[in-house]
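These notes concern the structure reproduced below.
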Amino acid sequence: MKCLLVLAHPLKGSLCDYLANKTASHLRSKGYNVSLLNLYEREFAPVLTREERQSYYQTQFDETLVQAEIAQLKQAESLVLVFPTWWFGFPAILKGWFDRVWAPGHAYNHASDLGAITPCLNNLKEVKVITTLGSPWWVDKLVLRQPVKRILKIALLGACTKKCKFQMLSFYKSENASPSKVDAFVKKIALKY
């Protein structure tokens, strides 16, 4: 299975970097063909350009600057996202990747009457998410009702895929996690993914 692993953390050697590498190794051991897209190393520009936005409702989206990333996404059968949750949202670079790469004509099609959009990522069979949070579980789940999970599962995948399996693992209170807690989380990844 072709797998695109997208890492969105600015620091080499960060917990997210470590979890991404462990996840890639695990998936390769299960037979996945894993390609790693490190958005920071790639220096991915998250800001939707004027030309891209102007082309949203044209016959062809202006993919000039994101052609390689769009091709990677469209070829993926499995997508793994590894990122920190900051302020209960995505890092700007990952949000920009969604804005620019999950584009009309590629991730979805506009309806002619501007009604509901239709999915185009028919190749995508599964999305696996690994995120780190500084907060305890109850703040994310009970107070804020998991905004990141809802956006991914309902808004993005709900609009752009058909019958795509979704799984999400959140590592809470990760900023001061002991090595044994990190190891336990890595084992959880291997068990679930």
Exercise. Of the options Trp137, Pro119, Ser35, report the single residue whose Cα projects farthest towards the positive end of the charge dipole of the chain (beta-carbon charges: Lys, Arg +1; Asp, Glu -1).
Key: Trp137
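Going by accessible area, probe 1.4 Å, with all protein chains left in place, what is the ranking of Glu43, Glu126, Glu77, largest first?
Values: Glu43 155, Glu126 25, Glu77 55 Å².
So the residues, ranked largest to smallest area, are Glu43, Glu77, Glu126.
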Exercise. For the chain, with a Gaussian network of springs between Cα atoms less than 10 Å apart, report the residue from Asn123, Asn109, Asn176 with the top mean-square fluctuation.
Key: Asn176
Quiz item: Put Tyr40, Tyr32, Tyr193 in order of accessible area, largest first, 1.4 Å probe: what do you get?
Solution: Tyr40, Tyr32, Tyr193
Quiz item: Taking Cα pairs under 8 Å and at least six residues apart, what relative contact order does the range 66-193 come out at, in percent?
Solution: 28
Quiz item: Got a sec? Charge dipole of the range 1-150, +1 on Cβ for Lys and Arg, -1 for Asp and Glu; which of His110, Phe44, Ser14 is way out at the positive end?
Solution: Ser14
Exercise. Provide the gained length on full extension for the span Gln67 to Gln167, in nm with one decimal, where the gain is 0.36 nm per separating residue minus the Cα-Cα distance.
Key: 33.3 nm
Exercise. Express the accessible area of the range 99-193 per residue in Å², computed with a 1.4 Å probe while the remaining protein chains stay in the model.
Key: 55
Exercise. Specify, per residue and in Å³, the volume enclosed by the convex hull of the alpha carbon atoms belonging to the range 79-186.
Key: 113
Quiz item: Which length gain, in nm to one decimal place, applies between Ala45 and Thr118 when the Cα-Cα distance is subtracted from 0.36 nm times their residue separation?
Solution: 23.6 nm
Exercise. Might you work out the accessible area of Leu7 for me, using a 1.4 Å probe with all protein chains in place, and round it to the nearest 10 Å²?
Key: 0
Quiz item: Taking Cα pairs under 8 Å and at least six residues apart, what relative contact order does the range 1-76 come out at, in percent?
Solution: 37
Practice problem: Only Lys, Arg, Asp and Glu count, each charged at its Cβ (+1, +1, -1, -1), so figure out the dipole size of the chain about its Cα centre, rounded to 20 debye. | Solution: 940
Exercise. Find the centroid of the Cα atoms in the range 127-179 and in the range 45-61, then give the distance between the two in whole Å.
Key: 28
Practice problem: Step through the table entries Lys74/Lys141; Lys149/Lys181; Lys2/Lys173; Lys2/Lys187; Lys2/Lys141, compare each Cα-Cα distance with 30 Å, and write down the pairs that go over it. | Solution: Lys74/Lys141; Lys2/Lys173; Lys2/Lys141
Quiz item: So for the pair Phe88, Ala159, with labels modelled 7 Å out along Cα→Cβ, what separation do we get in nm?
Solution: 2.1
Practice problem: Work out the charge dipole of the chain with +1 on the Cβ of Lys and Arg and -1 on the Cβ of Asp and Glu about the Cα centre, then indicate which of Ser25, Ala92, Leu73 is farthest towards its positive end. | Solution: Ser25
Practice problem: Give the calculated FRET efficiency between Asn21 and Glu175 to the nearest 0.05, with a Förster radius of 30 Å applied to their Cβ-Cβ distance. | Solution: 0.95
Quiz prompt | Selection of chymotrypsin sites (Phe, Trp or Tyr not before Pro), the range 81-126, meeting DSSP coil and at most 10 other Cβ within 10 Å | solution = Trp87
Quiz prompt | Binned Cα-Cα distances of the chain, short to long, each 10 Å bin given as a whole percent | solution = 9, 35, 37, 16, 3, 0
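The values are calculated or read from the model by the stated rules, or taken from the named source; none is laboratory data. Remember, predicted model here, so these are calculated numbers, not experimental data. As a convention, Cβ positions derive from the backbone with ideal geometry for all residues, glycine included, and neighbour counts pool all protein chains shown. In case anyone asks, the SASA skips ligands and DNA or RNA and just uses the protein heavy atoms, side chains included. Shrake-Rupley method; radii C 1.70, N 1.55, O 1.52, S 1.80 Å.
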